[in-house]
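Right, one structure below, let's go through it.
Just so you know, all these numbers are worked out from the coordinates, no wet-lab data involved. Source: prediction; values computed, not measured. Glycine also receives a Cβ, built like all others from the backbone with ideal geometry; neighbour counts cover every protein chain displayed.
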Amino acid sequence: MQLRFSTSQIKVLLVFVAFLFLQNTYSQTESETIKSAFSDASLNTRGKLVDEGNGRFRFDFHDVYESDSKAKYLQGLGYHGGGPSWLGIIYGAFKIGENDLIDSIDMNVEVTGVTFYSATKDQLDSIQRVITLVKSNEQLLLKAIDKAKEFDMML
């Protein structure tokens, strides 16, 4: 049995293969971009990091109080827009970056924001950097939302 393809069928197949290749490359780039943010000290960080003493640090992030708040944008997408949404976004970004820190850190979700607690400042620095990255890149923000939805973490 011999298969025959028309020129138009071959073109469609080639476009489809190119699309899959580019999509895979873009997904790898997103993951690598987020992974690099975990340790990129050059990123201007968001939120407030506090040394509570006794070897405990706290990081507060309340997007609704920032001059470039995404609250109305997120509400326009059908989400809460405050702390519950940002917990999902941060969670999704860490999962894209293949980092499980977010699963093992103490946190408190509030209406307007989210607070993280850790014995190490470096862990909270990573969270700050990821927030800075996703706030500055709408495509990454939307990808983080998509990933959070996969884990039923987006509100």
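Put in order of Cβ neighbour count within 10 Å, fewest first, the listed residues L77, L43 become L77, L43.
Taking the mean number of other Cβ atoms within 10 Å as a proxy for protection, how do you rank 33-40, 123-130 from highest to lowest?
Ranking the peptides 33-40, 123-130 by packing returns 123-130, 33-40.
Once both labels are positioned 7 Å from their Cα atoms along Cα-to-Cβ, the gap between Q139 and E52 label points is 3.8 nm.
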